[in-house]
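Report on one structure; see the data block that follows.
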Amino acid sequence: MFHPLLGAAYALSSRLITGETKIPEGLREELLDRLDQVKSYTDLVKDLDPTNPATWASSGISLLSHLLEGEDVYDSSWDYLRKNALSAIPFRLHFLAEDLLNAENRKVVYMDDWSVLFKVLLPNEVPIWIEWYPNSTEGRKKVYVQQEEYPLSQVYDGMAQVFWASTVAVEIDVVQEELESRPLDLSSYIYQGPLVTYIEQWRSFGEQDLRRNVLVQGKPGTGKTTFCYYTASQLSKRTLVLTHKFSNIASESQWKQLIDVTKPTLVVVNDIDRLGKQTLGSRLRMFEEGYCDIPFVLFTSNDIDKFPAAMLRPGRIDQKIVVSEPDGAPEPPGGDNERATRRPTKTARAPEEKTAPATGDIRRRRRDRAATRRLARRTRAPNEPGNHD
């Protein structure tokens with residue numbers, strides 16, 4: 001029984017000393033409690049002498065009594081998983097696993113040479129188990145659930161509550177080929193331009209349960225991102241902001257699990273045109289209605305010409321907004337509430353003002369033209385048509 005615990009202690013200690021692994025934030029006290037439990041076991045058998053059979057019974061009885069009053073004994077993590085009817089779920093959001101391990105209601109239930117198994121009680125009282133492999137280079141983690149008692153929908157609901165517990169906006173990026181999340185403060189993005197009229201229109205759509213995919217296009221520096229972030233702060237309490245790096249490498253399964261678990265009400269996809277036509281074409285399904293049922297998706301783009309034609313059809317892009325230069329103003333939204341693709345609006349140009357020339361200028365121009373015609377007639381050859389002098 002003690003051999004696996006001692007092996008795990010030596011293995012974890014060596015990895016910590018060499019810097020090959022790190023204990024997730026918030027788990028240090030949990031592991032210290034586990035070590036205290038091991039020490040209590042050691043105290044129970046401190047009088048055991050392998051060469052003296054008389055000590056075997058007393059030490060064994062003390063240890064057995066303690067275990068019967070406390071936790072069950074398992075031969076391995078697999079033994080624990082089997083006895084508790086746990087099954088693994090494909091979990092590709094490792095950054096969320098870190099958040100779950102830092103949750104308040106979690107404890108170590110098993111530890112051996114290879115892994116540490118945690119039980120986490122989600123805010124909706126649904127339990128999950130996370131197995132952490134500290135000896136792996138990337139600190140691999142697996143997630144287990146009791147699917148017969150708790151469907152995945154309940155599991156994901158509890159995970160979403162943990163994910164959004166302390167923020168209303170999160171940016172998803174890729175760092176060293178791994179997905180990474182970081183809170184985003186939207187309160188610093190204030191937009192006061194002419195596009196604010198769209199926000200109330202979209203609020204009305206939301207009240208009618210009408211989803212909207214909107215493309216916000218304009219040159220760099222026109223305020224596309226500021227407008228989208230401000231819109232998110234006004235319309236949503238669960239906003240995901242996706243960088244072009246995420247959009248470039250994310251698989252359909254990662255994207256599907258991300259929206260199933262986090263359940264955002266608004267998504268901002270930045271610089272979607274940086275993906276290129278070929279990559280973007282392979283991502284079309286990710287934003288289709290029925291596959292992606294997020295109420296609002298805002299895409300930002302510098303160049304609409306890079307979009308495949310199929311991307312711009314209704315159901316993928318329902319509305320296009322062209323953001324003009326700072327001295328221009330886009331056309332305000334119309335009154336239609338139908339799911340039809342809005343064609344790119346053209347900024348109306350004011351007619352150029354022309355100043356009428358003065359009367360003296362008109363007379364001088366007429367005299368100059370008349371003098372030019374007389375000079376042309378005098379210089380023509382005698383036989384040239386039109387010369388009657």
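The values are calculated or read from the model by the stated rules, or taken from the named source; none is laboratory data. If you're wondering where the values come from, they're calculated on a predicted model, not measured in any experiment. Here the Cβ positions follow ideal geometry from the backbone for every residue, glycine too, while neighbour counts run over all protein chains shown.
Here are some notes:
Conditions tested, residue by residue: (1) without any contact (Cβ under 8 Å) to a residue 60 or more places away in the chain; (2) within 17 Å of Val261 (Cβ to Cβ); (3) outside the structural domain of Asp99 (by TED's automatic domain parsing).
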residue: Val116; (1), (2), (3): no, no, no
residue: Val120; (1), (2), (3): yes, yes, no
residue: Asn124; (1), (2), (3): yes, yes, no
residue: Tyr133; (1), (2), (3): yes, no, no
residue: Arg140; (1), (2), (3): yes, no, no
residue: Gln146; (1), (2), (3): no, no, no
residue: Tyr191; (1), (2), (3): yes, no, yes
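- Take the conditions (1) in contact with an Asp or Glu (Cβ under 8 Å, 6 or more places away or on another chain); (2) among the charged types (D, E, K, R); (3) surrounded by fewer than 18 Cβ atoms within 10 Å (Cβ to Cβ); Arg140 misses just one of them, which is (1).
- Region 251-271 - residue that is free of Cβ contacts under 8 Å to residues at least 40 places away in the same chain and among the hydrophobic types (A, V, I, L, M, F, W, C) and, of those, farthest from Tyr189 (Cα to Cα): Trp255
- Exactly one residue among Asp79, Asp75 is surrounded by fewer than 14 Cβ atoms within 10 Å (Cβ to Cβ), outside any helix (DSSP H, G or I), not aliphatic (A, V, I, L, M) and not assigned by TED's automatic domain parsing to the domain that holds Val268, and that residue is Asp75.
- The residues in region 266-294 that are assigned to a loop (DSSP other than H, G, I, E, B) and out of contact with any strand residue (DSSP E or B) (no Cβ under 7 Å at 6 or more places or on another chain) can be counted, and the count is 8.
- Members of region 247-264 that are surrounded by fewer than 16 Cβ atoms within 10 Å (Cβ to Cβ) and modelled with pLDDT of 90 or more: Asp260
- Among the residues listed as Lys256, Lys263, the single one being on the phi > 0 side of the Ramachandran plot and under 12 Å from the mean Cα position of the chain (by Cα): Lys263
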